[in-house]
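Working notes for the structure below.
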Amino acid sequence: MPGAETGAALVDSATRFDRQKQRIVDAATALLNDKGMRGMTLSDVATELGLSTTSVTYYFRRKEQLLTAVFEDTLGRLAAMVDAAQAEATPRARVARYVELHFEHFAGTLRQSERPLANLSEIRSMDEPARSSLIEQYRGTLRAIRSFFGPARDASHRDVLIARAHILNEALLWQRTWLGQFAIGDMPNVRQRFFRILDGGILTPGTAWDVRVFTPGAVTDAGDQESFLRVATRFINATGYRGASVKRIMAEFNRTKGSFYHHLDSKDDLVVACWRASHRRLADLQTRARAEQASAWKRLSATVQSALQLQFADEFPLLRVTAYQAMPPAVRALALRYAQRTALGMMGELVEGMAEGAVRLVDPFIAAQFLLAAINAAYDLQGWRKDRSLAVVMDAYKSVLGNGLFAPE
């Protein structure tokens, strides 16, 4: 029957179209993760697939359209993981399943049997209206994760649920920076150790957070330059590399665009300078805590709380990892290496805290990554912070870090 043959040909054609489109999205995802949004080009995607650039633009006329498809693909797969976990009967079972799905996916990417998820940190750099649409999709995922724990009993409990969902998801997305250090065959054991931290937090019952909070010292002797770095860091955190234009930064700083080049030679230098300032400030918090606190837990407690307060309340926050993707590859690798050094310092304090009896017997390496991810991601809750006191926000966040996702129930 001619009609049936024509229909079959149309279906096959549509299947080929979708299959090729998915290949382009997958190649773009890998390049985005490797080079960042700025470094990924349609020409690179075409070369990766052995195609001409024209063949890619047949499916995606502009780079922005391809980036939108990449982020939507990842957000869709995250939503599918959430849906699968939601089918479990209890909060613990839902979180355990969600964690399991993430670990299985990561192991699959190492085996090259799974398509990688895109680094979502650069969604902030997208142009409107795609930016708002993608951010809302991600927020929808967080709301669904929040529902793992059931309905909020009151406003205070709702704040804790928001902190739980945010910290859980960010810790899982952060794992790509450290999980590859483990063998694929060890993933189930690592997952169990990771879940133990989620289940009970890092503190033994009765351990309190220390009351001391420190402020980092100046990052430079030149006050004008520090003000410049303060404004630039805020813009990069809020809008990503592309959104933080030199013109906007200098307008906020009340300076001419030309004066930018008195401080730095290029926008790349700007990101690197902000990162170096953030690293020095976090290191300074650790140094001050070590100098003034007797116990390991008090040192770590003061460092974590001081860093969280910078992210929630200060006009000069620490640079969000969002910016790392915009760095040149060599500088990005250095930045991530320094982040791991910070985690190793926290790991040492955690081990000593265990000896003191203040910290639970958990995997100190994973616990350090958990804390670092939470500090890094806290800036994203600035909108949540606006309607609440700093004390309320800090208490909700610390309750999750200290006691885990399920206490008190």
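The values are calculated or read from the model by the stated rules, or taken from the named source; none is laboratory data. These figures come from a predicted structure and were not determined experimentally. Counting neighbours? That spans all protein chains shown, and the Cβs are built from the backbone with ideal geometry, glycine included. Keep in mind that these areas ignore ligands, DNA and RNA; they rest on the heavy atoms of the full protein, side chains included. Shrake-Rupley method; radii C 1.70, N 1.55, O 1.52, S 1.80 Å.
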- Please report, in debye to the nearest 20, how large the charge dipole of the chain is about its Cα centre when each Lys and Arg carries +1 at its beta carbon and each Asp and Glu carries -1 there. 360
- How far, in degrees from 0 to 90, does helix 91-111 lean away from the longest principal axis of the Cα atoms of the chain, to the nearest 10? 60
- Where labels lie 7 Å past Cα in the beta-carbon direction, separation of LYS21 and ARG193 in nm: 4.3
- Message: Quick check: the angle from helix 187-200's long axis to the longest principal axis of the chain, C-alpha only, nearest 10 degrees?
- Response: 50
- Task: Take each of the peptides 182-190, 73-81, 303-311, average the number of other beta-carbon atoms within 10 Å over its residues, and list them starting from the highest.
- Result: 303-311, 73-81, 182-190
- Place +1 on the Cβ of every Lys and Arg and -1 on the Cβ of every Asp and Glu in the chain, take the dipole about the Cα centre, and give the residue among THR215, MET354, HIS157 whose Cα lies farthest towards its positive end. THR215
- For the chain, which whole-number percentage of the solvent-accessible area (1.4 Å probe, protein heavy atoms only) is attributable to carbon and sulfur atoms? 52
- Message: For a 29 Å ceiling on Cα separation, which of these pairs sit above it: LYS35/LYS398; LYS247/LYS386; LYS63/LYS386?
- Response: LYS35/LYS398; LYS63/LYS386
- Message: On a full-extension model of 0.36 nm per residue, what is the gain between GLU64 and LEU390, subtracting their alpha-carbon distance, rounded to one decimal in nm?
- Response: 113.6 nm
- Accessible surface, per residue, of the chain when the full set of protein chains is kept, probe 1.4 Å, Å²: 44
- Task: Once you have the Cα-Cα distance between ALA79 and ALA407, take 0.36 nm times their residue separation minus that, and quote the gain in nm to one decimal.
- Result: 115.5 nm
- Using per-residue counts of other Cβ atoms within 10 Å, averaged over each peptide, order 231-238, 156-163, 57-64 from highest down. 231-238, 156-163, 57-64
- Note on the structure: Put LYS386, LYS398 in order of accessible area, largest first, probe 1.4 Å, and you get LYS386, LYS398
- Item | Under-5 Å amide H pairs with VAL359, H placed in peptide plane, nonlocal only | THR204, MET354
- Message: Give me a comma-separated list of calculated 3J(HN,Hα) values for region 76-87, in order, Karplus coefficients 6.51, -1.76, 1.60 applied at θ = phi - 60°, integers in Hz, x for any Gly or Pro.
- Response: x, 6, 5, 4, 5, 4, 4, 4, 5, 5, 4, 6
- Just grab the label-to-label distance for ALA251 and ARG111, each label 7 Å out from Cα along the Cβ direction, in nm (one decimal). 5.2
- Tell me, in nm to one decimal, what length is gained between THR54 and ALA313 on full extension, where the rule is 0.36 nm per residue of separation less the Cα-Cα distance? 88.4 nm
- Task: Provide the solvent-accessible area of ARG111, counting protein heavy atoms only and rolling a 1.4 Å probe, rounded to the nearest 10 Å².
- Result: 140
- Most fluctuating of LEU334, LEU67, LEU198 in the GNM of the chain (C-alpha, under 10 Å) is LEU334
- Task: State the Cα centre-to-centre distance between region 89-135 and region 63-88 in whole Å.
- Result: 7
